[in-house]
């Protein structure tokens, strides 16, 4: 299955990566090439095989639902590109 | 006496305990080797002051007489590990300036043992690559060169800086991580040992995530014994990683008897590929002969779904990456793009990610987005996970017949030149992982051992694959192989 320019544009949008319009044809052909490589998987008979969820047979561990951490506002914000008054700051989200 | 920076961990341990050297001596020797080797571009964030401080504490601990094996050993740490207060960028522009407020569990385990961190090591961006050419820091360079040539070669990837640093004796050993071969392929390209343990042996907490169901940390060292010592120091159960195993961590070094008499070694016929390099094929056959001479039984085995491992991997790994890398949004850490007047939050995400991610990472995130998108999830992602189950079953079936370990080449070729793969399509680059990627999909331990030099004078490696959780037995097989091969070559110093 090949990826056309519209699909490439949609995938870039879903991935939240700005791709200039001029680069879309190149991207579409790169992605098509890789998807083409994956098509080999269609040769495999997977009838009755469950998709793997865990490579080691183990049940996901549970823990008590208690507070184990917190009160680290400064550490949490230390690497933020823009933090003000104890919050992450971002461009206006709601009009 | 050998230069201190070229010691193995085990030799340094013995010398430290005997009082023949100090951790400060070892650390100084490594720091000056690093200063001399700027051209290799292996260390990308150096921490000399921190290292000398840690050396002082290690010496104090050694003086008390009950120091652990790794106490006083200077290491390089791959940039993928979060290290408290020290740049941890995963070789990406998007994490520019990021200094974690916490330490990864693996690097913390090493620090608790008294190891010394010399600095952070170059790698492919987010560990996505097989040549270290996708790094924001620029290429790491292989200390090995082809005979009679001064062309710069790749140390492999993604743990390229780790491989280059260990091979050039800039540190005694280094941490690596392996999602599809990122420890074993660079180890093979640089003539060192690289071990990827069983999935779950090491905590992934604090290791920048690429593909969570495949990622594992492991040691990159100058000998199999060193890999055994360092593996034990890195591994632990960690409540902060629910996939980390509660199984006890054994003394892997104690398993190194070199006795493999009566063990069954499988040679998978599917790993014999058309157009395979003659040198690699001979190396593989010689390796099997050596194991036979050491008393092992060599048997032909079949892993019928091998061919589908790469396409399955290149669905699953990008799918997980697209999800893991969603966190780089310019809000909480790292780079944020400069915005134009009127730009809203969506433009901030899109511009930040376009500027912050390199082309290979962008491509993989978009592939992952595509295979997870509505309408394609079943056709690609679920199908790949079903194929993955079959690949694991191939190994289960072979081990059920009594095979103890599997011998394969580590890579289809020796190190290639930097830039040589620039114009080929990305799928060609994927082929580097053809012998290693099955092991990640099946969650097994695998080790690359230097096996000889090819006709260009470059090192090549053999891979051994073990049963799950039996790293000790795997290391013992690798130890027997290492003894028989007797590989002692080092790159001639040109830097």
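The values are calculated or read from the model by the stated rules, or taken from the named source; none is laboratory data. Keep in mind that what you see is a predicted model, and the values were worked out from it rather than measured. Cβ: placed from backbone, ideal geometry, glycine included. Neighbour counts: every protein chain shown.
Residues of the stretch B:451-486 being over 23 Å from residue B:216 (Cβ atoms) and outside any strand (DSSP E or B), which ones? Passing the criteria: B:454, B:455, B:456, B:457, B:458, B:480, B:483, B:484, B:485, B:486.
Being at the interface with another protein chain (Cβ under 9 Å from one of its Cβ atoms), modelled with pLDDT of 95 or more, out of contact with any strand residue (DSSP E or B) (no Cβ under 9 Å at 6 or more places or on another chain) and assigned to a loop (DSSP other than H, G, I, E, B) is the requirement here; does residue A:51 meet it? So residue A:51 passes the test.
Screening residue A:2 with (1) part of a loop (DSSP other than H, G, I, E, B); (2) within 7 Å of another protein chain (Cβ to nearest Cβ) gives one miss only, at (2). Only one of the numbered conditions (1) closer than 27 Å to residue A:50 by Cα; (2) more than 8 Å from chain A (Cβ to nearest Cβ); (3) modelled with pLDDT of 95 or more is not met by residue B:358, and that is (1). Scanning the stretch B:394-408 for residues that are assigned to a helix (DSSP H, G or I) and touching a residue at least 60 places away in the same chain (Cβ under 8 Å) gives B:394, B:395, B:398, B:399.
Considering every residue within the stretch B:207-214, establish whether at least one is crowded, with 20+ Cβ neighbours inside 10 Å, in contact with a strand residue (DSSP E or B) (Cβ under 7 Å, 6 or more places away or on another chain) and at positive phi. Looking through the stretch B:207-214, none of the residues is crowded, with 20+ Cβ neighbours inside 10 Å, in contact with a strand residue (DSSP E or B) (Cβ under 7 Å, 6 or more places away or on another chain) and at positive phi. Among the residues of the stretch B:132-144, is any within 14 Å of another protein chain (Cβ to nearest Cβ) and surrounded by 24 or more Cβ atoms within 10 Å (Cβ to Cβ)? Checked against the condition, which is being within 14 Å of another protein chain (Cβ to nearest Cβ) and surrounded by 24 or more Cβ atoms within 10 Å (Cβ to Cβ), the stretch B:132-144 yields no hits at all. In the set B:19, B:72, B:76, B:85, only one residue is crowded, with 24+ Cβ neighbours inside 10 Å and at positive phi; that residue is B:72. Any chance the stretch B:431-442 includes a residue that's within 14 Å of another protein chain (Cβ to nearest Cβ), surrounded by 24 or more Cβ atoms within 10 Å (Cβ to Cβ) and part of a loop (DSSP other than H, G, I, E, B)? Yes: the stretch B:431-442 contains one or more residues that are within 14 Å of another protein chain (Cβ to nearest Cβ), surrounded by 24 or more Cβ atoms within 10 Å (Cβ to Cβ) and part of a loop (DSSP other than H, G, I, E, B).
With the structure loaded, tell me whether residue B:448 is touching a helix residue (DSSP H, G or I) at 6+ places or on another chain (Cβ under 9 Å) and surrounded by fewer than 18 Cβ atoms within 10 Å (Cβ to Cβ) or whether it fails that test. So residue B:448 does not fit the description; no. Within this structure, residue B:303 fails the test of being touching a strand residue (DSSP E or B) at 6+ places or on another chain (Cβ under 6 Å), under 30 Å from residue B:396 (Cα atoms), more than 9 Å from chain A (Cβ to nearest Cβ) and not in a loop (DSSP other than H, G, I, E, B). Looking across the stretch A:77-90 at every residue that is buried (at least 16 other Cβ atoms within 10 Å of the Cβ) and not in a loop (DSSP other than H, G, I, E, B), the one that is farthest from the chain's Cα centre (by Cα) is identified as A:83.
Scan the stretch B:306-334 for residues that are more than 10 Å from chain A (Cβ to nearest Cβ) and either free of Cβ contacts under 8 Å to residues at least 24 places away in the same chain or more than 24 Å from the chain's Cα centre (by Cα) (or both) and jot them down. Result: B:327, single match.
Look at residue B:140 and say whether it is touching a strand residue (DSSP E or B) at 6+ places or on another chain (Cβ under 7 Å) and over 22 Å from residue B:52 (Cβ atoms). No: the conditions fail for residue B:140. Restricting A:28, A:18, A:8 to residues that are in contact with a helix residue (DSSP H, G or I) (Cβ under 6 Å, 6 or more places away or on another chain), at pLDDT 95 or above and more than 9 Å from chain B (Cβ to nearest Cβ) narrows the list to A:28. Exactly one residue out of B:353, B:388, B:364 is within 8 Å of chain A (Cβ to nearest Cβ), within 24 Å of the chain's Cα centre (by Cα), buried (at least 19 other Cβ atoms within 10 Å of the Cβ) and touching a residue at least 12 places away in the same chain (Cβ under 8 Å): that is B:388. Set side by side, the residues B:181, B:218 differ, and just one is in contact with a strand residue (DSSP E or B) (Cβ under 6 Å, 6 or more places away or on another chain) and either within 14 Å of chain A (Cβ to nearest Cβ) or closer than 19 Å to residue B:128 by Cβ (or both), which is B:218.
When the stretch A:57-76 is filtered for residues that are within 30 Å of residue B:88 (Cα to Cα) and surrounded by fewer than 15 Cβ atoms within 10 Å (Cβ to Cβ), the ones remaining, listed by number, are A:60, A:61, A:63, A:67, A:68, A:69, A:70, A:71, A:72, A:73, A:74, A:75.
One residue stands out among those in the stretch B:243-258 that are within 22 Å of the chain's Cα centre (by Cα) and assigned to a loop (DSSP other than H, G, I, E, B): the one that is nearest to residue B:482 (Cα to Cα), which is B:256.
Scanning the stretch A:31-48 for residues that are more than 7 Å from chain B (Cβ to nearest Cβ), surrounded by 12 or more Cβ atoms within 10 Å (Cβ to Cβ) and not in a helix (DSSP H, G or I) gives no hits.
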